[in-house]
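So the structure is just underneath, and the comments pick up after that.
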Amino acid sequence: MSHLLPDILFYVFSALSVAGAVLVLVNRNPMTCAMSLVVSVLSLAILYLLLSAHFLAVAQMIVYAGAIVVLFIFVIMLLNLTDEELGRFRFSLFKTIGAFVAVATLLAVAPDIRVSIPAPAAGDAGAPAGYGSTKAVGKLLFGEFLLPFELTSILILSAMVAGVVLAKRELQPKKTHSLVDWLLGFFRT
Amino acid sequence: MITLQEYLSVGALLFTVGLLIVLFRQNAISILMGIELMLNAANINFVAFSNALGGLTGQVLAIFVVVAAAAEAAVAIAIIVLLYQNLGTVDVEKARNLNG
């Protein structure tokens, strides 16, 4: 029975994850969409745990459910949008054709997803001790991937600056006050 | 027994649903959610292959994808707020000033 448990967990949480994604697609209320996104993302974190990616599972929970979805909910509540505007779907001939092609590609490819890697089966049993732990991932991150890791910090910094600059921009630009203007006004008084 | 194929199938399904969201939803916030789902679908493939090959490189790449998704969400949400300030809506069909 215990060797069946990972299989059952896989089926339950992969179904939950896909179901959450479908609810994001069909739901009209944006807040419900955000909650469905949380369900999908947390189920994916459980799938990462089944693949013994422990650090990544926790990072997924913190970053997605803790940061990104909070941003979504913040914006949904801040903008005070009407429901009928948010629930609208757009259909056109080309988009429908595109959707048909996407689904048909999935249906055509799905039976052919076969893997020629003679791998240990996915699951916690086959993995060596410490695989996917914070220590192992961190050693790789600060060793072999040190340069991409540091570049990532520049990416985040630029994203932060861009977010602040974009969100704080005034619609009508005010008259700029330079230091010289301030000094002139100071001495005039 | 769950093998790599099942995980890849879940990734393909999630990617298709995310693509349908991007195609058919009309407000920018939902489209952003679809993009996040597509990035997650790529991530599950990374982690599944990493597990099957016995290395950790795929997990590190998945961490980079998560970081890129977070940065992208922050900038995109700032753009959505700006779009709302300028047009009074987040409907992507209304934001067609460049179309004439």
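Here are some notes:
- Average other protein chain Cβ within 10 Å of Cβ, residues B:38-47: 4
- For the protein assembly as shown, the share of accessible area belonging to carbon and sulfur comes to 73 percent (1.4 Å probe, ligands and nucleic acids excluded).
- Rounded to 10°, Cα long-axis angle of helix B:57-87 versus longest principal axis of chain B: 10
- By the helix-only formula, in which each DSSP H run with n ≥ 4 contributes -39500 (n - 2.57) and the sum is divided by residues, chain B has a 222 nm mean residue ellipticity of -28000 deg cm²/dmol.
- Within the listed set B:82, B:39, B:14, the Gaussian network model of chain B (springs between alpha-carbon atoms below 10 Å) gives the highest mean-square fluctuation for B:82.
- Pairwise burial A:B, computed as accessible area of each alone minus the pair, summed, 1.4 Å, Å²: 7000
- Averaged over the residues of A:3-10, the number of partner chain Cβ atoms lying within 10 Å of the residue Cβ comes to 2.
- Under the criterion of Cα pairs below 8 Å and six or more residues apart, the relative contact order for chain B equals 27 percent.
- Cα→Cβ-extended label distance, 7 Å offset, between residue A:154 and residue B:87, nm: 3.3
- Taking chain B as a Gaussian network of alpha-carbon nodes connected by springs under 10 Å, the highest mean-square fluctuation of the residues B:52, B:41, B:69 belongs to B:52.
- Listed peptides B:59-68, A:27-36 by packing density, highest first (mean Cβ within 10 Å): B:59-68, A:27-36
- Using a probe of 1.4 angstrom and keeping all protein chains present, the accessible surface of segment B:4-99 works out to 34 square angstrom per residue.
- Residue-averaged beta-carbon neighbours from other chains (10 angstrom radius) around A:66-77: 4
The values are calculated or read from the model by the stated rules, or taken from the named source; none is laboratory data. Worth saying up front: this structure is predicted, and the values here are computed from it rather than measured. Positions of Cβ are generated from backbone atoms using ideal geometry, with glycine treated the same way; all protein chains shown enter the neighbour counts. When the accessible area is computed, the model is the full protein with side chains, heavy atoms only, and any ligands, DNA or RNA have been set aside. Shrake-Rupley method; radii C 1.70, N 1.55, O 1.52, S 1.80 Å.
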